[in-house]
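A.B. asks: One structure coming up, written as structure tokens, with questions to follow.
The values are calculated or read from the model by the stated rules, or taken from the named source; none is laboratory data. This one's a predicted model, so the numbers in the text were calculated from it and none came from an experiment. Positions of Cβ are generated from backbone atoms using ideal geometry, with glycine treated the same way; all protein chains shown enter the neighbour counts.
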Amino acid sequence: MTGQESSRGRFDADAFFAALDSQRQARSQTWKEVASEAGVSASTLSRMAQGKRPDVDSLAALTAWAGLSVNDFVRGDGASSPAEPLAMISTYIRQDRHLSREAATALEEVVRTTYRRLRKEGPRV
């Protein structure tokens, strides 16, 4: 692994699968029941049992099903930096159920453009 690779986060698929398995056992469910409830294919869970990573939609569905946080399974070198403000704002805008996808995209564009302009030039006092 190069120094550049070590500074990036990586998803710990084994730990995530172990957490899912603990949740499954606590609920006394089969993997087939988990797949059905979470809305993922049984083959996704089989691949995960073999150490493969889930696709992003399956990850989201399984995280929601289990009540887990994806952040708990991201590993790095410990020198993580806080998220950029625009990334956080974008996340909040897209979570708003009152906005259509198009409206969220438009609002995000306005915020991004305004933020970059003000950040670059600074506020005028």
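A.B. asks: Looking at segment 90-110, which of the residues that are modelled with pLDDT under 90, touching a helix residue (DSSP H, G or I) at 6+ places or on another chain (Cβ under 6 Å) and of a type outside the set (D, E, K, R) is nearest to Arg10 (Cα to Cα)?
C.D. replies: Selected residue: Ser90.
A.B. asks: Next question. Which condition does Phe11 not pass, out of (1) free of Cβ contacts under 8 Å to residues at least 24 places away in the same chain; (2) farther than 30 Å from Leu118 by Cα; (3) surrounded by 12 or more Cβ atoms within 10 Å (Cβ to Cβ), if it passes all the others?
C.D. replies: Failed condition: (1).
A.B. asks: Considering each of Asp21, Asp57 in turn, give the residue that is modelled with pLDDT of 95 or more, surrounded by fewer than 19 Cβ atoms within 10 Å (Cβ to Cβ) and of a type in the set (D, E, K, R).
C.D. replies: Asp57
A.B. asks: Can Ser43 be described as modelled with pLDDT of 85 or more, among the polar types (S, T, N, Q) and assigned by TED's automatic domain parsing to the domain that holds Arg116?
C.D. replies: no
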